[in-house]
Amino acid sequence: MSVTSSPEPGTAADRATRRPRAWPAGLDSRRRREAALGYLFIAPLVLWLVATILWPLAASVHLSLLDVRLIGTQGSFIGLDNYIRVLTDDRFWAAIGRSGIWILGNAVLQTVLAFSAALVLAQLFPGVRVARTLVILSWIVPTVVAVIFWRFLLNASGGGLINPLLIELGLTDDPVGFFSSGGSAMTSLIVINSWRWFPFITVILLAALLRVPSDLYEAAAIDGATAVQRFRYITVPMLQPTLFVVGLIGTLLSFNVFDIIWLITAGGPSSDTTTAPVMIYETAFKRFRLSIAAAMSVVTALILVAFALVFIRFAQPKEMG
Amino acid sequence: MKRSPGTAIARTLVLAMLTLFIVVPFYWVVAGSFRAPAEIIAREVIWFPQSVTFEHYENLLRQSPFPTYLLNSLIVAAGTMLATVVVSTLAAYGFYRLRFPGREWLFRATLLAYAFPGVLLIVPMYGMMSGLGLIDNLLSLIIINVTFAAPFAVWMMKVFFQTIPKELEEVAELDGATRLQVLTRILLPLAAPGVAAIGIFAFVMSWTEYMFASILILSDGLRTLPVGLAGIIGQYQIDWGLLLAGATLVTVPVVVLFTLIGRYFIAGMTAGAVK
């Protein structure tokens, strides 16, 4: 934020010294009017978010204490039964575990891709502007388009690109079914999701890289620092605040991914790619156990909050906060 | 600064990999949409189409419900755009130009809303929309899309408000203009590119949304493009030509719009993340 004044007027002593200055009464009423206007201007956004995020969350907690199954039916109060069922359900914990693998796999792959792309795009070379625009391409296409892309490219039953290529290169005799076994389905999905999301991280890293003062690198180069040393001792520390934010937001955004998985494997084969979001969706809208899905949402939300708190506690750079 | 030859080689390698990873898939899909059906499912790699046909586009526009989906998507995207622009511009003015207790805290809370996992809301959102009688109504999609577009749009506006000198507003206020007049007569005309940028951003967000659209809309005639296209994928026999043509047509407007606002968008992202 550009303005750094604290919301409160300050300490009592502070206030006492400030009062006798010019327009004592006028300043106060002016300030009060400005505050009222401020609330007025942000009210539509805040109310909108309260109505569509906070209120549904509260409704979710309520729903999780009932036994509603089919959408639109009434339920009766059953206390914490749904929570007991969810917390003792191995399949739920397996889905949380898969979400963990999903987040980790995406984090590693996207960090590698985004870092290499951003480090290159931060340099000046002919065509760098075009390259900086092109790198966003895969991120702005709708998910369903990304799904069509990759289902087609990885198609095993004629056509596609990867299988004909593999066969021509002699790497395989028969088309590979990328989504037919659990491990390779999960790996393929992580690659596809990273394809879609790494540009987002690239752009943020690129913006941060371009803000690192270039004389730092020059001074280090004069002192004989190697490229690796410059990266380790200049780039990484300068990027720390950005990496912290990206780590936190990126984790939440990648946890939230549902459509790519649902539209390619629908959680299969035999639930091997059923992450927590897929399970919640399936439980609510395919198996019609609305209250159980609500309880899963609440438990998952608590796990994410716990993760965020731990992450902030241990990863937040000292100068922030 | 001097670059070693090693850097140049590494750069070339990374650029080549990026090209393979991004440009080739796009080329393959767009080229595929013009190939004859037999060539699409050929078992060998045919880099340059041997046959050029528009039949998939004709099928898509004449025989499939694609035009209906397109219209629905346009309605939802336009509504989302309008509401996001109004709500976010007002909020950006409040956050960046006015002082009030709790401002910093509220601003951070809206940032959190951007990263909030929407999947945790689908169950209660269905209940809420059915309580409001908005199931199978495009309005429900507009409402939910604004929720996820508006917080980021507020960040994007920050950059634009920062470039406008405060003195300009102070002069107008001395002349007796109200705050709303200052916003609409002075700030908005100057921040017009920013308003356009958040409008397009909201449009694109709405254009790509699948999850909520898949549960809040029931009838085929009200489906949006992502759900409609996903329905075509799910059919018994996949018609790749039709899907590739559909994917190409859905992508074109997004790419065109984004090349227009790309740099504002990146500026907004930087403002939020690097802060």
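Scan region B:152-180 for residues that are more than 11 Å from chain A (Cβ to nearest Cβ) and exposed (fewer than 14 other Cβ atoms within 10 Å of the Cβ) and the total you get is 9.
Is it the case, given these coordinates, that B:Pro193 is touching a helix residue (DSSP H, G or I) at 6+ places or on another chain (Cβ under 8 Å), closer than 30 Å to A:Val147 by Cβ and either at pLDDT below 85 or at the interface with chain A (Cβ under 9 Å from one of its Cβ atoms) (or both)? No; evaluated as a whole, the condition is false for this residue. Just the residues that are within 30 Å of A:Arg132 (Cβ to Cβ), in contact with a Pro (Cβ under 7 Å, 6 or more places away or on another chain) and not in a helix (DSSP H, G or I), please, taken from region B:3-57. Hits for region B:3-57 are B:Phe34, B:Val45. The numbered conditions (1) without any contact (Cβ under 8 Å) to a residue 24 or more places away in the chain; (2) exposed (fewer than 15 other Cβ atoms within 10 Å of the Cβ) are all true for A:Phe152 except (2).
Here is a yes/no grid of residues against (1) more than 30 Å from B:Met125 (Cβ to Cβ); (2) assigned to a helix (DSSP H, G or I); (3) modelled with pLDDT under 90:
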| residue | (1), (2), (3) |
| --- | --- |
| A:Ser2 | yes, no, yes |
| A:Glu8 | yes, no, yes |
| A:Ala13 | yes, yes, yes |
| A:Ala22 | yes, no, yes |
| A:Arg31 | yes, yes, yes |
| A:Tyr39 | no, yes, no |
| A:Leu49 | no, yes, no |
| A:Leu54 | no, yes, no |
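Output the residues belonging to region B:228-260 that are more than 8 Å from chain A (Cβ to nearest Cβ), part of a helix (DSSP H, G or I) and either surrounded by 21 or more Cβ atoms within 10 Å (Cβ to Cβ) or among the aromatic types (Phe, Trp, Tyr) (or both). Once the filter is applied, which keeps residues that are more than 8 Å from chain A (Cβ to nearest Cβ), part of a helix (DSSP H, G or I) and either surrounded by 21 or more Cβ atoms within 10 Å (Cβ to Cβ) or among the aromatic types (Phe, Trp, Tyr) (or both), region B:228-260 yields B:Gly228, B:Gly241, B:Leu242, B:Ala245, B:Thr248.
Here A:Thr143, A:Thr172 are screened, and the one residue that is of a type in the set (S, T, N, Q) and either at the interface with another protein chain (Cβ under 9 Å from one of its Cβ atoms) or buried (at least 20 other Cβ atoms within 10 Å of the Cβ) (or both) is A:Thr143. Among B:Ala77, B:Ala16, B:Ala83, which is the only one that is out of contact with any Asp or Glu (no Cβ under 6 Å at 6 or more places or on another chain), of a type outside the set (S, T, N, Q), farther than 30 Å from B:Ile233 by Cβ and in contact (Cβ under 8 Å) with a residue 40 or more places away in the chain? None of the others qualify; the one that does is B:Ala83. Residues that are out of contact with any helix residue (DSSP H, G or I) (no Cβ under 8 Å at 6 or more places or on another chain) and under 27 Å from A:Gly183 (Cβ atoms) were ranked within region A:270-319; the one that is modelled with the highest pLDDT is A:Glu282.
Residues in region B:75-87 that are surrounded by fewer than 19 Cβ atoms within 10 Å (Cβ to Cβ) and within 14 Å of chain A (Cβ to nearest Cβ): B:Leu82, B:Val86.
Here's the yes/no breakdown for (1) among the acidic types (Asp, Glu); (2) at pLDDT below 90:
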{"position": "B:Arg35", "(1), (2)": "no, yes"}
{"position": "B:Glu39", "(1), (2)": "yes, yes"}
{"position": "B:Ile46", "(1), (2)": "no, yes"}
{"position": "B:Val52", "(1), (2)": "no, yes"}
{"position": "B:Asn59", "(1), (2)": "no, yes"}
{"position": "B:Leu70", "(1), (2)": "no, no"}
{"position": "B:Leu74", "(1), (2)": "no, no"}
{"position": "B:Ala77", "(1), (2)": "no, no"}
{"position": "B:Ser88", "(1), (2)": "no, no"}
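For region A:121-133, the count of residues that are facing chain B (nearest Cβ under 10 Å), surrounded by 15 or more Cβ atoms within 10 Å (Cβ to Cβ), of a type in the set (Gly, Ala, Ser) and more than 19 Å from B:Val23 (Cα to Cα) is zero. Taking the listed residues B:Leu112, B:Leu106, the one that is part of a helix (DSSP H, G or I), at pLDDT below 95 and more than 7 Å from chain A (Cβ to nearest Cβ) is B:Leu112, with no other qualifying.
The single condition among (1) more than 21 Å from B:Pro117 (Cα to Cα); (2) free of Cβ contacts under 8 Å to residues at least 24 places away in the same chain; (3) not aliphatic (A, V, I, L, M) that A:Gln240 does not meet is (2).
The values are calculated or read from the model by the stated rules, or taken from the named source; none is laboratory data. These numbers come from a predicted model, not from an experiment. For neighbour counting, all protein chains shown are included, and Cβ atoms are generated from backbone atoms with ideal geometry for every residue, glycine included.
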